[in-house]
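This report concerns only the one structure given below.
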Amino acid sequence: MNTVPVIMKQLVITAPGEVAWADAPVPTPLPDEVLVRVSAVSTCPHWDMHIVDGEPMFAGQELSYPYFPGQPGHEAVGVVMAVGDAVQGLAVGQRVVAWRDTGEPRQGFYAQFNVFREVDLLAVSDKYLPAQLASLELSMCVEVSFQQLASIGGVKGKRVAIAGLGPAGLVAVQLARYHGAAEVIGIDPVADRCALAKQLGASAVRSGSADQWPASRSDAAAVEVAIDCTGIAPVVEFLLHRTREAVALFGVVRQEIRYAGGLMWGPGVTLVGYGDHNRAAADTAYAAVEAGALDLAALISTTLPMHDYLNGVEQLRQKKAIKVLFDPWA
């Protein structure tokens, strides 16, 4: 086991479009925290692009620069290097993955080391490559939508549509299969992403063109359940008119969604909101990885040194990458 140094490298978004890969002291864990040597950290594309562009991820939030050090890095895998006095479930040398973003103004994982609460880390096997684990936090987030749907009948044995085949949508395609969906239809205008969705278990893919899929909940082409991973109101409305039972919202919605009166009959279609991040969702996502049903490495388009952060974000912006995995030691 390597000795913990005193100084590390840490990313700071200093202003819109500007970053520094700078020296910083290695943090010391509080009693309920552990110190993690970061092996790799993957992008959360919309979050990264918003902050680099000078826009808050969620409407109404305040945003100031320099942004909090190491943020918005939160999808990380690493090794425990030190533990706080109150930590009981994790030990030095264990491999861990961050399973949820705390949402607090604290140091993030775009760094060589980070401290994180024990309760927000999940011990994982050494047999997986970093790319197979780093995006577990995203998978937990997507699993929450399946938990919401489970409360009103779930997806088992049903035709399920997934709109938006970015990272979340590609995870949703796989989790829909894992939860027993009979068919999974991926919807996205980007051909490469549709092709990848097919490789990951989609039964069929559509471009989202209305002339390819007429609006009729009674038509044989309609699905029972849909999950929106775009957050775009017209896309949600598109799904509502082609779904018989429920449309679940996962993408961050920034516009009003129109629910037409006719949607309440026949029986009506339910518009399902989001739930709370929780450990059960993380455990389910990790179980899907262990079962070979969830391939997170497939989301990683390229691996870059952490100091090449802006290049990675630009690849996301141009849709040349689905996710970028950063190596803070390269």
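Descriptive notes on the structure:
- Screening residue 255 with (1) at pLDDT 95 or above; (2) in the same structural domain as residue 148 (by TED's automatic domain parsing) gives one miss only, at (1).
- Selection count, the range 7-31, where residues are surrounded by fewer than 17 Cβ atoms within 10 Å (Cβ to Cβ) and in a loop (DSSP other than H, G, I, E, B): 5
- Selection status of residue 230, of a type in the set (S, T, N, Q) and either under 18 Å from residue 184 (Cα atoms) or part of a loop (DSSP other than H, G, I, E, B) (or both): yes
- Selection status of residue 280, aliphatic (A, V, I, L, M), modelled with pLDDT of 95 or more and more than 28 Å from residue 199 (Cβ to Cβ): yes
- So residue 101, is it over 16 Å from residue 248 (Cβ atoms), at pLDDT below 95 and crowded, with 18+ Cβ neighbours inside 10 Å: yes
- In the set (1) within 16 Å of the chain's Cα centre (by Cα); (2) more than 19 Å from residue 178 (Cα to Cα), the condition left unmet by residue 285 is number (2).
- Checking the stated criteria, residue 187 turns out to be of a type outside the set (Lys, Arg), touching a Gly at 6+ places or on another chain (Cβ under 7 Å) and closer than 15 Å to residue 247 by Cβ.
- Among the residues of the range 86-124, those that are under 13 Å from residue 71 (Cα atoms), touching a Gly at 6+ places or on another chain (Cβ under 9 Å) and among the small types (Gly, Ala, Ser) comprise 108, 111.
- Answer residue from the range 32-45, given it is assigned to a loop (DSSP other than H, G, I, E, B) and of a type outside the set (Val, Ile, Thr) and is surrounded by the fewest Cβ atoms within 10 Å (Cβ to Cβ) among those: 32
- Tally, over the range 280-296, of residues that are in a helix (DSSP H, G or I) and surrounded by 15 or more Cβ atoms within 10 Å (Cβ to Cβ): 7
- Whether a residue is of a type outside the set (Asp, Glu) and either touching a residue at least 60 places away in the same chain (Cβ under 8 Å) or not assigned by TED's automatic domain parsing to the domain that holds residue 124 (or both) was assessed, and residue 90 does not pass this test.
- Annotation note: Cβ proximity below 8 Å between a residue of the range 248-268 that is touching a residue at least 24 places away in the same chain (Cβ under 8 Å) and part of a loop (DSSP other than H, G, I, E, B) and a residue that is surrounded by 10 or more Cβ atoms within 10 Å (Cβ to Cβ) and of a type in the set (Lys, Arg) (sequence gap 6+ or interchain) occurs for 266/217.
- Close Cβ contacts (under 8 Å, 6 or more residues apart or on different chains) running from residues in the range 146-167 that are outside any strand (DSSP E or B) to residues that are modelled with pLDDT of 95 or more and aromatic (Phe, Trp, Tyr) comprise 148/274; 154/146; 155/146.
- The residue list 208, 180 contains one member that is modelled with pLDDT under 95 and at positive phi, which is 208.
- Within the range 287-298, residues that are over 14 Å from residue 97 (Cα atoms) have Cβ atoms under 7 Å from residues that are part of a loop (DSSP other than H, G, I, E, B) in these pairs: 288/294; 295/200; 297/129; 298/200, counting only partners at least 6 apart in sequence or on another chain.
- Search result, residues across the range 50-83 that are surrounded by fewer than 17 Cβ atoms within 10 Å (Cβ to Cβ) and touching a residue at least 60 places away in the same chain (Cβ under 8 Å): 57, 58, 59
The values are calculated or read from the model by the stated rules, or taken from the named source; none is laboratory data. Predicted model only: the values in this text are computed from it and were never measured. As a convention, Cβ positions derive from the backbone with ideal geometry for all residues, glycine included, and neighbour counts pool all protein chains shown.
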